[in-house]
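Data first, discussion second: the structure below is written as structure tokens.
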Amino acid sequence: MRTVGLTDEVQDYLNRLVPPRDPVLARLEDEAHREDIPIVDTHEGALLYLLVKIAGAKRILELGTATGYSGIWLLRGTNGGSLTTFEVTRERAERARKNFAEAGFGERALVLEENAVTGLEKLDARFDACFIDLLNAFRSEEITQRAAELCLERLDPGGLLMADNALRQGEVLKPKNQQAKNVAFYNDWVAKHPRLESVVIPIRDGLSVARVRD
Ligand SMILES: C[S@@+](CC[C@H](N)C(=O)[O-])C[C@H]1O[C@@H](n2cnc3c(N)ncnc32)[C@H](O)[C@@H]1O
């Protein structure tokens, strides 16, 4: 998927600036492409890595693991930190565990194989950064809000709350399906939340980045 609204020429130019990928990330990108697994791309992965690194985040929470691609970028941004990540599909969770191990993060990545919302309700832990990558999957705006609140409750001041697909390929302008309605709701919720300062970065399908106020 290219960044929303970018011409082919500009996207090609950006692609040429990407440093050579390491074998694990390259394999995961190829598999995702072949099997139609929705993962972030190299550009967004690099942004997640940098945001985590700049924030000095060590304890990362992720909703939506898939096969571990974004998780590896997030973990690489931490200085010896850890990742707790939710994936409801057993086959993907198992693949993610193997991929984290191959990337050298076997001991630092905890893949919880369950529904992220009910799982988070039981999870008594604090985090420095959270990446939500399943806004599309929620059944309603109410569940979207519940998930967002559960993440925010677990972040301290200075923490990062990030979410993917903030533009839904432009569908957020006139949301017709539940996926786009969830994302539009989330964007509004973040923008108006008194505890958050935020921006949507138009990279790939849009990354919402918010910081918990001091
Ligand atoms: C967009 S993919 C995640 C991609 C991954 N973050 C990456 O970029 O490498 C979303 C994942 O969330 C999982 N998922 C969907 N609904 C879920 C839920 N309620 N709880 C946990 N996982 C869920 C899907 O099976 C899918 O693998």
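Numerical summary
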quantity: Backbone HN-Hα couplings from phi across segment 121-130 [Karplus 6.51/-1.76/1.60, Hz, Gly and Pro as x]; calculated: 4, 8, 7, 9, 8, 10, 9, 9, 8, 9
quantity: GNM result for the chain, Cα springs below 10 Å: residue of ARG59, ARG195, ARG154 fluctuating most strongly; calculated: ARG195
quantity: Whichever lysines have a C-alpha closer than 18 Å to that of LYS58, once near sequence neighbours (fewer than 8 apart) are set aside; calculated: none
quantity: Local electrostatic count, ASN79, Cβ distance below 12 Å [Lys/Arg +1, Asp/Glu -1]; calculated: +4
quantity: Distance from segment 133-158 to segment 180-213 (C-alpha centre basis), Å; calculated: 11
quantity: GNM flexibility winner over the chain from GLU171, GLU141, GLU153 (Cα, springs under 10 Å); calculated: GLU153
quantity: Amide H partners (placed H, <5 Å) of LEU110, local residues excluded; calculated: LEU83, THR84, THR85
quantity: Debye, to nearest 20: dipole size of the chain, +1 on Lys, Arg Cβ, -1 on Asp, Glu Cβ; calculated: 320
quantity: Residue-by-residue Karplus 3J(HN,Hα) for segment 132-137, coefficients 6.51, -1.76, 1.60, Hz, glycine and proline x; calculated: 9, 10, 8, 4, 5, 8
quantity: Residues with amide H under 5 Å from that of LYS58, placed H, sequence gap 5 or more; calculated: ASP128
quantity: Segments 185-193, 25-33, 39-47 sorted - mean Cβ within 10 Å per residue, highest first; calculated: 39-47, 185-193, 25-33
quantity: Radius 13 Å from Cβ of ASP128, net charge of other residues (Lys, Arg +1; Asp, Glu -1); calculated: +4
quantity: Proximal charge balance of VAL111 [Cβ under 15 Å; K/R count +1, D/E count -1]; calculated: -3
quantity: Per-residue HN-Hα couplings for segment 193-202 [Karplus 6.51, -1.76, 1.60; θ = phi - 60°; Hz; x = Gly/Pro]; calculated: 6, x, 8, 10, 10, 8, 8, 9, 9, x
quantity: Straight-distance crosslink candidates among lysines, where the alpha carbon sits under 30 Å from LYS53 and sequence neighbours closer than 8 are dropped; calculated: LYS98, LYS122, LYS192
quantity: Estimated dipole of segment 1-104 in Debye, rounded to 20 [Cβ of Lys and Arg +1, of Asp and Glu -1, Cα centre]; calculated: 560
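Laboratory data are not the source of any read-out in this text; all were calculated from the coordinates shown. Here the structure is a predicted model, which means the values were calculated and not measured. Don't worry about glycine lacking a Cβ; one is built from the backbone with ideal geometry, like all the others, and counts go over all protein chains shown.
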